[in-house]
1. With unit charges on the beta carbon (Lys/Arg positive, Asp/Glu negative), name the residue among Gly98, Met81, Val204 whose Cα is farthest towards the positive pole of the charge dipole of the chain.
2. If I take R0 = 30 Å and measure r between the Cβ atoms of Leu320 and Ala229 in this structure, what FRET efficiency does the formula 1/(1 + (r/R0)^6) give, to the nearest 0.05?
3. Quick check on the stretch 55-211: take the gyration tensor over C-alpha atoms, sort the square-rooted eigenvalues as a ≥ b ≥ c, and tell me if it's rounded (a/c under 1.5), prolate or oblate.
4. Nearest-5 percent of antiparallel DSSP beta bridges in the chain?
5. If Leu243, Leu40, Leu277 are ordered by their accessible area, calculated over protein heavy atoms with a 1.4 Å probe, which sequence runs from highest to lowest?
6. Ignoring ligands, DNA and RNA, what percent of the accessible area of the chain is carbon or sulfur (1.4 Å)?
7. Straight-line reach from Lys244: which aspartates and glutamates have a Cα under 16 Å away, not including same-chain ones fewer than 8 places off?
8. State the answer as a single residue: which of Leu235, Phe146, Leu40 lies farthest towards the positive end of the charge dipole of the chain, with beta carbon charges of +1 for Lys and Arg and -1 for Asp and Glu, about the Cα centre.
Amino acid sequence: MRRVRAFENAAEIASQGCVAAWGLAEKSGKPAQVRGPLHLSTGQESVAAGVCAALRIDDLLTSTHRGHGHTLAKGADPRRMMAELFGKAGGCNGGKGGSMHIADFSVGMPGANGVVAAGLAIAVGAAQGLRLQSAGGFSAHIVCCFFGEGATNRGPFLESLNWAAVFGCPVLFVCEDNRISATAPTASMSAGVGIAARAAALGVPGVAVDGSDVAAVAAARELVALIRADNQPRLLHAVTYRLKGHVSVDPGTYRDADELAQALAADSLLRTRERLLSLGAPAAELDALDAAVDAEIAAAVAFAESDEPPDASAAFTDVLDAGPQWH
């Protein structure tokens, strides 16, 4: 959780052209290292960490436009991720994917996706592939699909859950519900009694948890165990809160001030630290972890800053193989 928060803070600074000094906001006079705004997951760290702790490295995961935390929690290298945000050759995808399209097959990450709800169909397709590879029997792996609550109002949600239920695809659907769709409260545009009820209507059992409490998100472990046992999809509805604006340059002034203050007071990182202290974890050990993570992310930024941009000759590699006539 601390790694995700530190990464998001550093990425936010880089996208605004500030000095890479954690906790400071002085402008360096340099142009922004990240060309364009980022979709940050600040405040939602419990969902990524709690769910991915239940997964194996060879399980697959699809993510969203707000996917840095999911990718880090799945085990991706922060240095290569930061370089990808900077558009550098050493990035996970050679600088071609950027923030919203990071993929890392070495940790079972087919990729994030900038299209709302698109990852649902990709996840079910991957799970269908796992079934076919196991000759229609039980797959040794599962697919975890993160999506926001706004995606449940789009067609791929219905299509994907229906397909997974009908054909028995091993998918854990994780709705990361931060309660706001871009700049509008989700409740103002979503009818019905809730996301878990929509899933249940399609034959996909669901569990709702406090997504700002990593201990509650640990319910994912039981769901993952059930999916491995019967190859049937499940849904986790994790209600959390996005502490930043829609993108890194959005101050989010449309938010209710009291609501934001309550969310800051219940920050998942603060809650987790307090719980660890109450369980006897030494404060010095937690402080050392914080310092180590900050140093790790500072090194990731330094790597991204010093890395070379991709060579122009690589523009069409890994994009499309149209056959030998185009070579």
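The values are calculated or read from the model by the stated rules, or taken from the named source; none is laboratory data. All figures in this text were calculated on a predicted structure; none of them were measured in a lab. In this analysis, Cβ positions are derived from the backbone assuming ideal geometry, glycine residues included, and neighbour counts consider all displayed protein chains. The accessibility values were calculated without ligands, DNA or RNA, using every heavy atom of the protein model including side chains. Shrake-Rupley method; radii C 1.70, N 1.55, O 1.52, S 1.80 Å.
1. Going by the charge dipole, the pick is Val204.
2. Efficiency computed from Cβ-Cβ geometry: 0.15.
3. oblate
4. The antiparallel proportion sits near 15 percent.
5. Leu277, Leu243, Leu40
6. 60 percent
7. Lys244 reaches Glu8, Glu12, Glu45, Glu176, Asp177, Asp256, Asp258, Glu259, Asp267.
8. Going by the Cα projections, it comes out as Leu235.
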